[in-house]
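Shown next, in structure tokens, is the structure this report addresses.
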Amino acid sequence: MSDDAQTSWVRRGGTLAIEVATKNWGTKIMAFFLALIVFIVTRDEVTRSFTIPLRVIEDPDRVLLTTPPKTVELQLRGPWVNVNRIAAVELGTATLDLREVSPGPMELDPASIVMPPGVVLDTLEYDHVDLRFEAVIERKLAIVPIVVGEVGPDHRLVGTRVEPDSWIVRAPASDLAGIEQLRTTTLDISGATSSVQTQLVLEAPPVRLNFLGVPTGDLPTVRVVAEVADVIGEIELEVETSEALREALPELAPSVLPGAERVSVRGPRAVLGTLTGLEHALRPTIEVETSSQRGAPISVTVRFEWSPDVPTAAAEQLSIVPPLIRLRLSPQGVELSDPN
């Protein structure tokens, strides 16, 4: 065959190939895509790995001593199109319910994991942990109020109290073993001249406790009272009685009449201080009993009362001892002095 003949055949073959490739090209493209769809749909099953979190549900009656894994591994199996479109967030979480499990090797129920349609859970893998528990117990602990500072002068701290005086707590038995009581935060009573009361939160204990009646993690609030009282004192005063007796008994010579009486005043020391500097804190009033017998001794009652110079508020807190005395007077002098 000549070179011209060979060249002619090559040209005719190329032209035929181009014609086949370009003739009815729309139909050919559609057929290609249909074939691709059939390939995807009928493709063999595949497996794919996913990592999802492990959610732990606490048991209120016991505490877990070991640490479970934070995540688990899933192997999902199914058609390629179904498996490939799954995102890990669609699988949710695996669950470990401590209220239902027993001590020993941790076992997760595959049925607790919800599978998307069209796939199945092939394997469930996780770190194996030996579950160990400790019982949670309840105990009533006394509350001790913490009070600091010195009260004001002439006052004293009588005592402190807290309401309520105890609280029920829940915790593992080992955590409660070394705890005898609860403490309040600090109440400062420096300079107090009267009782102090306030609401205080409890001091955080060295271990985590659950306080019944308050939200988990919160600390209770209690009422603390510091009872402050006055220091009681006593002073002695001399009360002039001669002038009052002369006015009441002009018939008796001044020489036979008592000139003064000594009495005690009792009360808070801070209030007693208000009497300092008063010239006449007390004044006498005289009551004379009439006698039917001429020349008989005269019965006289001397009462001690506060002078107007003493503030009413102070007088109400003080007492006079004795508040009165009884005398029997005659021209010869005092026959009897009776403080009652």
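The values are calculated or read from the model by the stated rules, or taken from the named source; none is laboratory data. What you see is a predicted model; the values in this text were computed from it and never measured. Note that each Cβ is placed from the backbone with ideal geometry, even for glycine, and that neighbours are counted across all protein chains shown.
Please work out which one of (1) in a strand (DSSP E or B); (2) under 27 Å from Gly233 (Cα atoms); (3) not hydroxyl-bearing (Ser, Thr, Tyr) is the condition Val300 fails and give its number.
(2)
Given the options Val101, Val162, name the one that is outside the structural domain of Pro79 (by TED's automatic domain parsing) and surrounded by 15 or more Cβ atoms within 10 Å (Cβ to Cβ).
The unique qualifying residue is Val162.
Please count how many residues of segment 114-129 are surrounded by 14 or more Cβ atoms within 10 Å (Cβ to Cβ) and in contact with a helix residue (DSSP H, G or I) (Cβ under 7 Å, 6 or more places away or on another chain).
Looking only at that region, the number is 4.
I'm trying to understand the selection: among the residues of segment 178-197, which are surrounded by 12 or more Cβ atoms within 10 Å (Cβ to Cβ) and either assigned by TED's automatic domain parsing to the domain that holds Ala270 or out of contact with any strand residue (DSSP E or B) (no Cβ under 6 Å at 6 or more places or on another chain) (or both)?
Ile179
Within segment 261-279, how many residues turn out to be surrounded by fewer than 12 Cβ atoms within 10 Å (Cβ to Cβ) and among the aliphatic types (A, V, I, L, M)?
Here the count works out to 0.
Scanning for something within 30 Å of Ile325 (Cβ to Cβ), modelled with pLDDT under 95 and surrounded by fewer than 12 Cβ atoms within 10 Å (Cβ to Cβ), does segment 215-236 turn up at least one residue?
Scanning segment 215-236, I find at least one residue that is within 30 Å of Ile325 (Cβ to Cβ), modelled with pLDDT under 95 and surrounded by fewer than 12 Cβ atoms within 10 Å (Cβ to Cβ), so the answer is yes.
Say whether the condition of being touching a His at 6+ places or on another chain (Cβ under 8 Å) and modelled with pLDDT under 95 is met by at least one residue in segment 104-112.
Scanning segment 104-112 turns up at least one residue that is touching a His at 6+ places or on another chain (Cβ under 8 Å) and modelled with pLDDT under 95.
If we only count strands (runs of 3 or more DSSP E) wholly inside segment 92-180, which ones have 2 or more residues that are of a type in the set (Gly, Ala, Ser)?
133-148, 166-172
Can you find, within segment 277-330, the residue that is nearest to Ala260 (Cα to Cα) among those that are of a type in the set (Ser, Thr, Tyr) and out of contact with any helix residue (DSSP H, G or I) (no Cβ under 8 Å at 6 or more places or on another chain)?
So the residue we want is Thr301.
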